[in-house]
Amino acid sequence: MRAPPVPGSGLSQWAIDYDSPNALAVRGSSVYVAGSFRGSAVSFGATTLPNASTRTGFVAKLTDAGRTSAWTWAKPVGGQGWDCALALAVTQGRVYVGGFFDNQNLRSTITFDATTLTATHDTQTGFLAALADRSPPKR
């Protein structure tokens with residue numbers, strides 16, 4: 001969703017609404033957001049992330065160019081249960097995300113790019129992942 005700009009007022013030029021944006025990081029003109037969403041899917045520009053469970057986590061990058069800002073990429077952080085990205089840090093070429101995934105059965109997993117983690121507890125398992133700061137490959 002985009003809010004109309006308010007010329008000369010110093011107020012925000014745009015606003016975007018998602019279920020639960022939990023973390024934000026800025027590096028130069030890149031703005032990163034992490035959180036989780038419900039519903040069947042969420043879109044970040046041309047990238048649509050399907051919901052794989054009750055709640056799926058996400059990490060997304062926006063290139064801030066004022067009125068022409070655009071989403072560069074978005075990645076799911078999800079498995080079979082309730083997944084949530086809660087923390088975010090960015091360095092040159094890497095995006096670090098932390099959070100938890102809920103173990104709805106004793107074998108719940110969560111996937112980051114090509115790495116899959118398996119739950120170690122019968123309730124929630126924490127994670128810390130390092131993701132490449134680039135668009136995921138087209139499937």
Check whether at least one residue in the range 87-94 is out of contact with any Phe, Trp or Tyr (no Cβ under 7 Å at 6 or more places or on another chain), under 30 Å from Gly28 (Cα atoms), part of a strand (DSSP E or B) and modelled with pLDDT under 80, and report yes or no. no
Go through the range 21-36 residue by residue and tally those that are surrounded by 13 or more Cβ atoms within 10 Å (Cβ to Cβ) and either at pLDDT 90 or above or polar (S, T, N, Q) (or both). 11
I'd like the residue in the range 38-50 that is assigned to a strand (DSSP E or B) and out of contact with any Phe, Trp or Tyr (no Cβ under 9 Å at 6 or more places or on another chain) and, out of all such residues, is nearest to Thr68 (Cα to Cα). Thr48
Confirm whether Gly78 is assigned to a strand (DSSP E or B) and either buried (at least 16 other Cβ atoms within 10 Å of the Cβ) or at pLDDT 80 or above (or both). yes
Looking at Thr109, Thr47, Thr72, Thr68, can you tell me which residue is surrounded by 14 or more Cβ atoms within 10 Å (Cβ to Cβ), farther than 18 Å from Asp133 by Cβ and among the β-branched types (Val, Ile, Thr)? Thr109
Out of Thr63, Thr111, Thr56, Thr115, which single residue is under 14 Å from Pro21 (Cα atoms), polar (S, T, N, Q) and within 17 Å of the chain's Cα centre (by Cα)? Thr56
For the range 31-83, how many residues meet the condition of being in contact with a Lys or Arg (Cβ under 6 Å, 6 or more places away or on another chain) and either farther than 22 Å from Arg94 by Cα or among the small types (Gly, Ala, Ser) (or both)? 4
Members of the range 24-37 that are aliphatic (A, V, I, L, M) and either part of a loop (DSSP other than H, G, I, E, B) or under 9 Å from the mean Cα position of the chain (by Cα) (or both): Val33, Ala34
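The values are calculated or read from the model by the stated rules, or taken from the named source; none is laboratory data. Keep in mind that this is a model prediction, so the values were computed, not measured. Cβ coordinates were reconstructed from backbone atoms using ideal geometry, including for glycine residues, and neighbour counts include every protein chain displayed.
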